[in-house]
Amino acid sequence: MFGDLFEEDFSVLSTNHCGKGKKSKPRDSEPPAPRDFTNLSGIKNQGGTCYLNSLLQTLLFTPEFREALFSLGPEELGTLDDSSKPDAKVRIIPLQLQRLFAQLLLLDQQAASTADLTESFGWSSHEEMRQHDVQELNRILFSALETSLVGTSGHDLINRLYHGIVVNQIVCKECKNISERQEDFLDLTVAVKGVAGLEEALWNMYVEEEYFENENLYRCGACDKLVEASKSAKLRKLPPFLTVSLLRFNFDFEKCERYKETSCYTFPIQINLRPFCEQTEMDDSEYMYELFSVIIHKGGCYGGHYHVYIRDVDELGNWQLQEEEQRLIEDKASRDPQNAKEVENPMMMLKGILAEEESQQIPVNQLRQKLLEKKGVSWNKKYRKQYGVLRKYLQNHPQIFQFSPDENKVGLREKHKLLFQSDSEGQGLQSPPQENDVHWNSEKTPPRLKESSAAPHWFDLNDSKVQPIKEKDIEKQFQGKESAYMLFYRKSQLKRPPEARGNPRYQIPEHLLNEMNAANTELQKKREECDSANNGIDLHLHLSSRYQFHNGALHPLLTWKESVVDLTIDRRKTLGDLRQSVFQMLESWEGDMTLSIAKPLPAGLHLYQVLDGDELTLDGIGLVDGADIFVWNGKEVAGTKVMTGPDHEPVVINVLRLAEHNEGGKGQHFTESQQVFSCSTKLADLHRALAPSGGIILKNSSGPEKEAKNWEVFLEEDMKETVRSVGLTDGCSVLILDSHDQSFVNVASGNLTAFTYDISWLQVKNFCRVEDEEKHVKITATIETVMSDIKMKAIRELQLEEELASDSCLRPVSGNGKLLSPVPEDYTVKEAELKMGSLLGLCRGKAPTSTQLFLYFLVGSDQSASPEMEIVVEETASVKECLNLMLEKSGLSGDNWHLRRMDWCYEAGEALSQENATLKELNVCRGDTLVITEGKLPPKGFLKIPIWWLKPSGHEKHGDNVQEQVNGVTCKMDALQVSPAGDPAEHIHPGMDLCYAGSVEIAGDAALEDLKMQALTLPCCQEQVVPLPSFLRAWTVDSKHPGKLLRNNKQQLKDYKLGARVEICLEPLQKEEHLGPHELLLRVQMGIPGERDYGDSTDVVWDISRECTAWALRQRVASHYGLPVDKIEIAKYFPEKFEWLPISSWTQQISKRKRKKKQESLQSAPYHLKDGDTIGVKNLLLDDTKDFSTLRDDVGKERQRQLALEKKKSRQAQRSQDQVFSEEKLQVKHRKPEVALSINVGVFR
């Protein structure tokens, strides 16, 4: 999805021996790919924003919405340049939306980015990686736009285009009184389960009636009694654009799980809404709607992918299916070959080249060269601007071209090869006309393809990918896991002006046109620079006058850097051009010049084939970026004849011999040297060179990075083989055993094998910092080598003081650079569980013995506040003794501490409660991390629970300092303090009167009322007058707020499953309370008419045993205040976001035959109603406003926006700081709770 569209794959010939290998260009330096043949731009997916991309494309292809947004100028919205000014009122969201729409219409790029738009939403990178529901986004985005456009001429943009009215009526059967209620809507939500299609769903909602009869009667306000009645709903006002949300996701109450409804659900391209409307006397055109967008969801209820089918109303794109397009191109080429050259398409040219090949497939580079020879111009020069790089063009047509498994070769699929050969008999290879060759220019109307049908043109916009589809393809989205999720209709009578047809510049403001023109110019410039950079290759020229030949390879007389001349040249130039450039650089060169491919090997520089054919291009002969070229006379270097080619490659072999004395007294010790032999050297010659006085040679063919094998003896019949044929390569080892060492060899299973242990290497790095620079050496060892021998050899190799041996140790180094626990010196490599090739650190300090434990520990689980420390203790030490040693080393005192293990989340986990048990008995291992935690552990079976006291808080009017209410966090946090004795004083939690009372130790078998009684004995609570435990309400404390309500005073504490770190807060009551399991406690507050504020909240207990629906809650609240149900509005408050979510019961339409269907519970999304939630109430008799927000909410949102900006800056600073200290600290991954989708908007009232 985020792949580099311009980068091709090249094989690297040389290693980076002189610091200049293959150029690595950052992805940001590559310009974005141009638009494809559709001339429409996609949108990049930021990780999980496919739902946002689909909705944005729908709004873009709603011309009336797009043009209304463009009509708002900088004088109303402000400018993005002023967004950083503190006093400027800049409406960032509509400005970024305008800019994104302009980019999608005019900018010549395959896909636009929504990063600036989502940043204006206040979204973090986590939000962009999390997928949300597109129906929810539609409502939230419209709400954010309405708030952003307050006070501008576009304040009614959403209502003007999408607002409709549904009227709900109840007709009394006796007095015929009609009670009606209007409901505004921006989208209609319709059922899917048990419904055949959209028309049936609308019929059930707006034609069928629901009857109140028998036991289910209606109280008529006019009759003032229970009567029979009928209930119905009609569409009173139709919007210009109708949005329909399909309820694909349901809940299975039997299985208690969510599921997606994948049954067949049809919807028409055109629909007549007359049967569903209240007024039906108007002309049919007033009720006719046409489908223009279908948002599709693929996947299940817990994840998936969104894309959208869109009808191109203004015909901005080029619609042509790829199969039909290719057929039309080929037909036209065969009919009119004379005009084919005017608009060439490379497809026929490539197919012709591949069809002529005898082999099934040819390398891609060879295809590029053949195209150059046949056409006289390279692919990059003629086609890359329109079609991208050749490899990607071939990959984009898999139905025609077939790649080899390694994707280095390409061929023509068999059916196309046969078709091409039959069609081109007797004809020369002609280039057909190119129907989709679009030279994009935002100042001109793009050329259009010939329409194959008069039907509306539809496109599938799937993130960055845009492709045409047929109208009948929509039927495939009626059912299945990939099916329609949202439908968008437009009134048929909405006609577009002729000048808008095919004109993406229509109604776009001048300042955006200028910005896009400048951006296109810059893009074109970058693409030209990129084309030049991609075709430029750096060659490393090795001059023979600066080299000498010895020990089987070429070696520089000076340094590598001084012996190499770098030359940059275009890969499209010929070998003759390269030779001429070298002659110009070396003015003093005399005689013939030979250019040979060179390759740096461990033994030195080796030469391979000579470059011939001055007429061939550098790309054609396989020269790539970073290639090494040796410039010489082709015969000798400094008077020495040089053998070239792969048959004379030099091989570096490690030669090992047994040492006469072994310092460690355990295992074997070896001397090591390196020698170079030609790969064609006979083993007999190798034997004479290494063991002239006799003896045997054993080989270990594993290199430094391969798995070690047993040592094998070279037999007499192997002496005729060569070094290469027996598998000896660079890094392989041979062991030379003289006659007195041959007792180490025995015969096993008929094969001669060495029973000496596998020999390999360990790396040792100097961490003693004796010198300015850390160095590392490679030490030869076996799995039986003792660690003390390795340390001594490392000290000598590093040229350190011998005295360091008594005060140093070896510590393994982990993959992230952390030093692990030291290895006991009497351990062997095998006992230390070290892998061959491991990196060890030579550090100061004595190593622990085999009976000692090396442990890490810290004070508290916050690693940023407490540094990690190290200690060595005996494994027979008790937990209490270990704790005392750690307290002494960390400078702490007292007995109010205990030890815990560090869990896998890098947090304090299981406590070491048995103080007298030894570390060995508790399975504490070398390298474990322990945490010193404050507080004594309670006895077994007891809980230590901190108790908080929840005081009733007074209500502040909105006229009182609103800013102080929001910033109360700062004021109240100052009250958090600790007494000198270490016990917490009165702690006040932010935003509530929550005071710390102390802690109690209580048995887990005790009842809740026992906890309440014991809490009342605390000094802070003795002032409270509480007659009985039932006069106290108990809550758990969750994230510094009251969380779960604890019911049933007789229930044991262990049955609540509170956990070891639970905190409890107690709330005093005026009367006894015995809440049942199906009773919900809500804080209800009535809005003050004419003011954006509320009165004091009251507690309302709501029985939800029968149902927990919006209608039932409205009835309970209405009865509490003594108001009619239809004269109140209610909403739930989300204090963490300073937002109110209205709770309406009219969104769930139920027909008579579906009356028994279970309505959606308020305890599920999006309300998640629970104990302690705040419910706001509006009395419509006194206050007709539906805005539940207060001044405190406005200030709170603005404060959140400022905090989000500060956090973003601090995160950027922290990231740069983490890069500096990443090797010194272990990164801790913090878990964050899931959050609902939201868009942060500034205050523009």
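The values are calculated or read from the model by the stated rules, or taken from the named source; none is laboratory data. Bear in mind the structure is a predicted one, so any value in this text is a computation, not a measurement. When we count neighbours, we look across all protein chains shown, and the Cβ atoms used for this are built from the backbone with ideal geometry, even at glycine. Just the protein is used for accessible areas: all its heavy atoms, side chains included, with ligands, DNA and RNA removed. Shrake-Rupley method; radii C 1.70, N 1.55, O 1.52, S 1.80 Å.
Odds and ends about this structure:
- Loop GluC sites (Glu not before Pro), region 776-865, which have at most 12 other Cβ atoms in a 10 Å radius of their Cβ (DSSP): GLU801, GLU833
- The alpha carbons of region 835-895 occupy a box of 46, 31, 19 Å along the principal axes, longest dimension given first.
- Modelled label positions at GLU672 and GLU801, each set 7 Å beyond Cα in the direction of Cβ, lie 2.8 nm from each other.
- Förster radius 45 Å - calculated FRET efficiency between ASN816 and ARG160, Cβ distance, rounded to 0.05: 0.20
- Once the chain from LYS936 to ASP1184 is taken as fully extended at 0.36 nm per residue, the excess over their C-alpha distance is 83.4 nm.
- Ligands, DNA and RNA left out, the 1.4 Å accessible surface of region 187-285 is 49% carbon and sulfur atoms.
- Virtual spin-label span in nm between ASP283 and LYS1207, 7 Å along Cα→Cβ: 5.6
- Given LYS374/LYS465; LYS176/LYS237; LYS231/LYS1170; LYS85/LYS1197, the pairs whose alpha carbons are separated by over 21 Å: LYS374/LYS465; LYS176/LYS237; LYS231/LYS1170
- Most to least packed among 58-65, 1105-1112 [average Cβ atoms within 10 Å]: 58-65, 1105-1112
- Local net charge near LYS682, Cβ-Cβ under 14 Å (Lys/Arg +1, Asp/Glu -1): -3
- Of LYS382/LYS526; LYS381/LYS525; LYS260/LYS472; LYS255/LYS1050, pairs whose Cα-Cα distance is over 21 Å: LYS260/LYS472; LYS255/LYS1050
- Modelled FRET efficiency - R0 60 Å, SER545 with LYS889, Cβ distances, 0.05 increments: 0.40
- With the simple model of a label 7 Å out from the Cα in the direction of the Cβ, GLU76 to ARG1215 spans 3.6 nm.
- Among the listed pairs LYS765/LYS835; LYS370/LYS641; LYS1012/LYS1044; LYS791/LYS835, those beyond 27 Å (Cα-Cα): LYS370/LYS641
- C-alpha center-to-center spacing [region 528-595, region 26-70] in angstrom: 46
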